[in-house]
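Okay, structure first, notes after.
The values are calculated or read from the model by the stated rules, or taken from the named source; none is laboratory data. Keep in mind the model is a prediction, meaning the values are calculated, not measured. Reconstructed Cβ throughout: ideal geometry from the backbone, glycine too, with neighbour counts over all protein chains shown.
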Amino acid sequence: MHNFRELDIWKKSIEFSKKTILITKDFPFSELYGLVSQMNRASISIPSSIPEGASRDSNKDFNRFLQIAIGSAFELETQIILGAEFSFIPQVKANELINELNEIQRMMNGFRLKLKI
């Protein structure tokens, strides 16, 4: 078992989730049950999947939950792109978010490779 609270990927994904939720507060009300809901759920799924995997008995199981977190990160990246396309997020801010999210994706992939399966 791993202590997820000590993992940089978990800490960074928590911070990123908070940023995402703050950004979506400025979206139009008509998107509350659409893009806002999707983005918030995807952003919360990333840091939530990490401790769920860390609690498992094997690195193989942990790896599977990291893959789920990575999938949520790519889903969120697409949603950020859509948010910018619909002008809900300024393009400069969307680029910053995507760059930060790409760093989290790389960190999770690197951590997966370090796990002995």
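Among the candidates Ile80, Ile68, Ile117, Ile89, single out the residue that is at pLDDT 95 or above, more than 13 Å from Met39 (Cβ to Cβ) and among the β-branched types (Val, Ile, Thr). I'd like the intermediate steps shown before the answer.
Details: Ile80 fails: more than 13 Å from Met39 (Cβ to Cβ); Ile117 fails: at pLDDT 95 or above; Ile89 fails: more than 13 Å from Met39 (Cβ to Cβ).
From the options Ile80, Ile68, Ile117, Ile89, the qualifying one is Ile68.
Taking first residues from segment 75-91 that are without any contact (Cβ under 8 Å) to a residue 40 or more places away in the chain and partners that are of a type in the set (Gly, Ala, Ser), the Cβ contacts under 6 Å between residues at least 6 apart in sequence or on separate chains come to Glu75/Ala42; Ala84/Ala94; Gln91/Ala84.
Sub-6 Å Cβ pairs linking a first residue in segment 105-117 that is over 16 Å from Lys11 (Cα atoms) to a second residue that is of a type in the set (Ser, Thr, Tyr), at least 6 apart or interchain, number zero. Write out, first by first residue and then by second, each pair whose Cβ atoms fall under 6 Å of each other, whose residues are 6+ apart or on separate chains, and whose first residue, in segment 22-49, is closer than 15 Å to Leu82 by Cβ while the second is crowded, with 21+ Cβ neighbours inside 10 Å and of a type in the set (A, V, I, L, M). Pairs that qualify, where the first residue is closer than 15 Å to Leu82 by Cβ and the partner is crowded, with 21+ Cβ neighbours inside 10 Å and of a type in the set (A, V, I, L, M), are Thr24/Val36; Thr24/Met39; Phe27/Val36; Ala42/Leu76; Ser43/Leu76.
The residues of segment 79-102 that are within 21 Å of Ser45 (Cα to Cα) and surrounded by fewer than 13 Cβ atoms within 10 Å (Cβ to Cβ) amount to a single one, Asn99.
Being touching a residue at least 40 places away in the same chain (Cβ under 8 Å) and of a type outside the set (S, T, N, Q) is the filter here, so list the residues in segment 6-21 that pass it. Full working, then the answer.
So the first thing to find is which residues in segment 6-21 are touching a residue at least 40 places away in the same chain (Cβ under 8 Å), and the list is 7-10, 12-13, 16, 19-20.
Leu7, Asp8, Ile9, Trp10, Lys12, Phe16, Lys19 - these are the residues of segment 6-21 that are touching a residue at least 40 places away in the same chain (Cβ under 8 Å) and of a type outside the set (S, T, N, Q).
I'm trying to understand the selection: among the residues of segment 65-77, which are surrounded by 16 or more Cβ atoms within 10 Å (Cβ to Cβ) and either under 19 Å from Lys114 (Cβ atoms) or not charged (D, E, K, R) (or both)? Spell out the reasoning first.
So the first thing to find is which residues in segment 65-77 are surrounded by 16 or more Cβ atoms within 10 Å (Cβ to Cβ), and the list is 65-66, 68-70, 72-73, 75-77.
Correct list: Phe65, Leu66, Ile68, Ala69, Ile70, Ser72, Ala73, Leu76.
Does segment 92-100 include one or more residues that are under 14 Å from the mean Cα position of the chain (by Cα), farther than 17 Å from Lys19 by Cβ and not polar (S, T, N, Q)? No, that holds for no residue. Screening Ser55 on (1) modelled with pLDDT of 95 or more; (2) under 17 Å from Trp10 (Cβ atoms) shows it passes everything except condition (1).
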